[in-house]
There are 2 protein chains.
Amino acid sequence: MFGYNTISIDQKHRFSIPAKYRADFLKTNETELVVTKDPQYPSLKVYKGSEWKNISSKLQSLQGLDPIVRNLQWTILGNASVTDLDPSGRMLVLLPEELRNYAELDNDNKFLFIGMGNKFEIWNTDNWNLRQTGGTLATEILDVVLPISIKEMSF
Amino acid sequence: MFGYNTISIDQKHRFSIPAKYRADFLKTNETELVVTKDPQYPSLKVYKGSEWKNISSKLQSLQGLDPIVRNLQWTILGNASVTDLDPSGRMLVLLPEELRNYAELDNDNKFLFIGMGNKFEIWNTDNWNLRQTGGTLATEILDVVLPISIKEMSF
DNA sequence: ACAGAATCCGGCTTACAGACCAACTCATTT
DNA sequence: AAATGAGTTGGTCTGTAAGCCGGATTCTGT
């Protein structure tokens, strides 16, 4: 569940989870996977079903009157796309248009699928390179003043 | 797990773990090894699987909206390359292009593989010499303001 | 309600990266 | 100088990714 992979989306907006990660899904009997928006950067996050359960339930329980909390809930919960994995065959994931646009993924282009341990991130290659070399992306969210309840969370 | 070795990478981008360290892997029943970027200098770090588990799980649990934390997670977790060791044969490790570029390793050149006790470092020879004599590398990262949670960690 | 169109999904095929295995060279030791 | 062990190289073969294609399902407009 670590590391750097370049993969591509086909004309039907599908991509496959790299084979080296499949064992990790199978051995914990994970049958589903959730893709959603990253609240700070133009990228997507991919969680295993069990991880998603933790994160989403924590996020739901945060106090709902704080505007920042509500923004996070909208972004993360409201855009979640649940996919069932086919454990025997290739693990194909269909990306909804809203998410493709958000992460600026053009069809038939290469993009990055990056393993971060308990989750994956999906990035447009140019955005990733820019961000890694210290650049600032037009769409990123800076200096968010976070309520204490969120500061204790790891997404 | 200490000391200074010259190694080389072949045209298939492989290098072999110096024989004197192999016993250390075998006797603790380590079956895997992880190579990743050093967040400060243009060099690579090599961890035994058990060491990597500690470091990566600590890093994952840090607060996920802090931009500095995310930078570290991207660099260290996102570029990790996990290799399964074949205990019977020679221990060959494949270095992905991203990591070779980062540490400025050209094919068919000699590099340094330096044992630091619980980890190894891989350096381009010129960069290492420059750094050891007090020089500053173009790509190194200075004066990063780190959140307290990170200051307590050792990578 | 129906026909045509667009979208979705699985199977099949091919090219290629990476794993595996084996051999060769060089250095060191006896 | 022979033998052993280490590092390095090379060939082969398997498994994976990704393109292609056809069938199924859903959507749309009439």
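Any residue at all in the stretch B:100-114 that's in a helix (DSSP H, G or I) and touching a His at 6+ places or on another chain (Cβ under 9 Å)?
yes
State yes or no: is residue A:44 modelled with pLDDT under 90, aliphatic (A, V, I, L, M), under 18 Å from residue A:100 (Cα atoms) and within 14 Å of the chain's Cα centre (by Cα)? Write out each step before concluding.
On the way: modelled with pLDDT under 90: no; aliphatic (A, V, I, L, M): yes; under 18 Å from residue A:100 (Cα atoms): yes; within 14 Å of the chain's Cα centre (by Cα): yes.
No.
Answer yes or no: is there a residue in the stretch A:75-84 that is in a helix (DSSP H, G or I), within 14 Å of chain B (Cβ to nearest Cβ) and either away from DNA strand D (no atom under 16 Å from the Cβ) or at pLDDT below 85 (or both).
Start the filter on the stretch A:75-84 by keeping residues that are in a helix (DSSP H, G or I), which leaves A:75-78.
Among the residues that remain, those that are also within 14 Å of chain B (Cβ to nearest Cβ) are: A:75-76.
If we keep only those that are either away from DNA strand D (no atom under 16 Å from the Cβ) or at pLDDT below 85 (or both) too, we end up with A:75-76.
Taking every residue of the stretch A:75-84 in turn, at least one turns out to be in a helix (DSSP H, G or I), within 14 Å of chain B (Cβ to nearest Cβ) and either away from DNA strand D (no atom under 16 Å from the Cβ) or at pLDDT below 85 (or both).
Name the single residue that is farthest from DNA strand D (Cβ to nearest atom) among those in the stretch A:1-29 being crowded, with 16+ Cβ neighbours inside 10 Å and in a loop (DSSP other than H, G, I, E, B).
A:1
Among the residues of the stretch A:20-55 satisfying the criterion of being without any contact (Cβ under 8 Å) to a residue 60 or more places away in the chain and within 14 Å of DNA strand C (Cβ to nearest atom), which is nearest to the other protein chains (Cβ to nearest Cβ)?
A:20
For the structure I just gave you, tell me whether residue A:58 is assigned to a helix (DSSP H, G or I), within 14 Å of chain B (Cβ to nearest Cβ), surrounded by 13 or more Cβ atoms within 10 Å (Cβ to Cβ) and within 16 Å of DNA strand C (Cβ to nearest atom).
no
The values are calculated or read from the model by the stated rules, or taken from the named source; none is laboratory data. This is a predicted model, so every value here is computed, not measured. Methodologically, a virtual Cβ is constructed for each residue, glycine included, from the backbone with ideal geometry; neighbour enumeration extends over all protein chains shown.
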